[in-house]
Amino acid sequence: MANQAIASVGTTVSVSNTIPANLNAAGYAALTYTLVGEASEMPEFGGEQALVTFTPLQTGIVEKRGGSIDYGEVTLPLALSRTDAGQLILENKANQAIGTDKRVTVRVTLPDTTNFYFVAQVRSFKQMVGGVDAITMANTILALTSPVVKT
């Protein structure tokens, strides 16, 4: 059997200031995206359901059910670029006034052309200078507000 592993190199992360009218493949595909340059990794992302438990006295056996769903958040590390349009979108969203809509639409494209789409609140955009032998970095925290759609 051939190895079906997909290498991460070549993966791109792009953002759009527009939120799709419909959170489906067609809605996401209709948007225009801007590449976020200098991303060094894309950590895990996606929803997770809380576990709700109850233990009846009669049996002592823990019953388990699905509870609320949290779509999670991702910290995206970037080599800081003051001219990268995608980074500027994220930084501007993070710096908007409290109470404003800080959401972006995110597209993660794998080298095999698989796309993952989601809407996220831009919680922060922080710079990290580091030591003398380091690249100046930025971390942006994206809090997912929608399920992940794969196409």
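Each reported figure results from applying straightforward, stated rules to the coordinates on display, with no laboratory input. The structure presented is a predicted model; accordingly, all values stated were derived computationally and were not measured. Neighbour counts are summed over all protein chains in view; Cβ atoms, including those assigned to glycine, are modelled from backbone coordinates with ideal geometry.
Given the residues 38, 63, 44, which is the only one that is within 15 Å of residue 140 (Cβ to Cβ) and among the acidic types (Asp, Glu)? Spell out the reasoning first.
Details: 63 fails: within 15 Å of residue 140 (Cβ to Cβ); 44 fails: within 15 Å of residue 140 (Cβ to Cβ).
Only one candidate passes the filter, namely 38.
So which of 61, 98, 89, 19 ends up being assigned to a loop (DSSP other than H, G, I, E, B), surrounded by 13 or more Cβ atoms within 10 Å (Cβ to Cβ) and either β-branched (Val, Ile, Thr) or within 14 Å of the chain's Cα centre (by Cα) (or both)? Break it down into steps so the answer makes sense when it comes.
Working: 61 fails: surrounded by 13 or more Cβ atoms within 10 Å (Cβ to Cβ); 98 fails: surrounded by 13 or more Cβ atoms within 10 Å (Cβ to Cβ); 89 fails: assigned to a loop (DSSP other than H, G, I, E, B).
Selected residue: 19, the only one of 61, 98, 89, 19 that is assigned to a loop (DSSP other than H, G, I, E, B), surrounded by 13 or more Cβ atoms within 10 Å (Cβ to Cβ) and either β-branched (Val, Ile, Thr) or within 14 Å of the chain's Cα centre (by Cα) (or both).
Residue-by-condition table, conditions (1) in contact with a Pro (Cβ under 8 Å, 6 or more places away or on another chain); (2) within 18 Å of residue 35 (Cβ to Cβ); (3) of a type in the set (A, V, I, L, M):
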{"residue": "101", "(1), (2), (3)": "no, no, no"}
{"residue": "104", "(1), (2), (3)": "no, yes, yes"}
{"residue": "118", "(1), (2), (3)": "yes, yes, no"}
{"residue": "122", "(1), (2), (3)": "no, yes, yes"}
{"residue": "127", "(1), (2), (3)": "no, no, no"}
{"residue": "136", "(1), (2), (3)": "no, no, no"}
{"residue": "146", "(1), (2), (3)": "no, no, no"}
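Would you point out which residue out of 55, 59, 83, 18 is hydroxyl-bearing (Ser, Thr, Tyr) and either in contact with a Gly (Cβ under 8 Å, 6 or more places away or on another chain) or within 24 Å of residue 147 (Cβ to Cβ) (or both)?
On the way: 55 fails: either in contact with a Gly (Cβ under 8 Å, 6 or more places away or on another chain) or within 24 Å of residue 147 (Cβ to Cβ) (or both); 59 fails: either in contact with a Gly (Cβ under 8 Å, 6 or more places away or on another chain) or within 24 Å of residue 147 (Cβ to Cβ) (or both); 83 fails: either in contact with a Gly (Cβ under 8 Å, 6 or more places away or on another chain) or within 24 Å of residue 147 (Cβ to Cβ) (or both).
Of 55, 59, 83, 18, the one residue that is hydroxyl-bearing (Ser, Thr, Tyr) and either in contact with a Gly (Cβ under 8 Å, 6 or more places away or on another chain) or within 24 Å of residue 147 (Cβ to Cβ) (or both) is 18.
Would you tally the residues in segment 22-37 being in contact with a helix residue (DSSP H, G or I) (Cβ under 7 Å, 6 or more places away or on another chain) and buried (at least 17 other Cβ atoms within 10 Å of the Cβ)?
Residues of segment 22-37 that are in contact with a helix residue (DSSP H, G or I) (Cβ under 7 Å, 6 or more places away or on another chain), as a first pass: 34-37.
Still in the list and also buried (at least 17 other Cβ atoms within 10 Å of the Cβ): 34, 36.
Looking only at that region, the number is 2.
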